[in-house]
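Okay, structure first, notes after.
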Amino acid sequence: MKHLLRTLFGLGAAAAAIGFMCYHLNSAPELHAAVRKGDAMAWLRTDFNLDERQFAEIQRLHENYAPSCEEHCRMIQEAIQARDALRKTNGDDLVAAAEAERTLQQLRATCESAITTHVYQVAAVMSPADGKRYLALVLPKIADFDHQVAPDLKLESRHQH
Amino acid sequence: MNTSRDKLSEILQDWRVKPPSDPGFRAAVWRRIGQQGEATWSAYLRAHTAAWAVAAVLTFSVAGVAGRALAQARVEADRETMVVSYLVELDPRAQAILKQ
């Protein structure tokens, strides 16, 4: 019995060491660090193996894209406010409500098109394999924004422009 | 015949063994018991080599796969978090929701 327990203990200890080693070998410390810091650009850099030139080019693309992002953001906000105001003050006017909703959806579609173009530009800076992986990660979320990203925003408390 | 047997009985009855006292006797006995225990574990392992080898291969495989799966699950979860965080920074629709 003593030998059995001793052998089981040895086996368990060795298995724990092997499990820990496999965990360590397959983890991504830089990705976890980026998550802890909430640094999306650090994630982009480490997860898509960007060198200095690629990283600088992507930062430049983001900076160029930011003004149009802000403009789209402002227009969508105004459209939402207009639609909500219309619903409150004139709820019976279905034509006006539908028009306001259509304007909002058009703005969202324009915005989706702009961000899709932007991420394709970003992907083009990466290596072909990394670019493909990047697009596979972000495009479905952009296309299915209402279901995949919007629910998470309820937890967000600050604007990140 | 009976006389010689009686003599032998008398001799045996009178025979006393008086060994010299050995102060290290007990320690030597415990040492031998200890050595016997160690040998027994290795003997136990030798006797069950096949069973323990199979158990070791299975246990180590499960541990390795589990460690890898845990690490990958964490990487995927963290990546998902970062994709959402990244898109929130880029997507005006997200910004509009956050500003409301």
Residue ID - nearest to residue A:126 (Cα to Cα), chosen from residues in segment A:8-61 that are more than 10 Å from every other protein chain (Cβ to nearest Cβ) and of a type in the set (Phe, Trp, Tyr): A:48
Odd one out for residue A:76 among (1) open to solvent by less than 60 Å² (accessible area, probe 1.4 Å); (2) within 24 Å of the chain's Cα centre (by Cα); (3) modelled with pLDDT of 90 or more: (3)
Which listed residue, of B:41, B:15, B:30, is of a type in the set (Phe, Trp, Tyr) and modelled with pLDDT under 85: B:41
Meets criteria (surrounded by 14 or more Cβ atoms within 10 Å (Cβ to Cβ) and under 30 Å from residue B:73 (Cβ atoms)) for residue A:114: no
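The values are calculated or read from the model by the stated rules, or taken from the named source; none is laboratory data. All of these numbers come straight from a predicted model, not from anything done at the bench. A quick note on method: Cβ atoms are made from the backbone with ideal geometry, for glycine too, and the neighbour counts reach across all protein chains shown. Heads up: the accessible areas ignore ligands, DNA and RNA and are worked out on the full protein's heavy atoms, side chains in. Shrake-Rupley method; radii C 1.70, N 1.55, O 1.52, S 1.80 Å.
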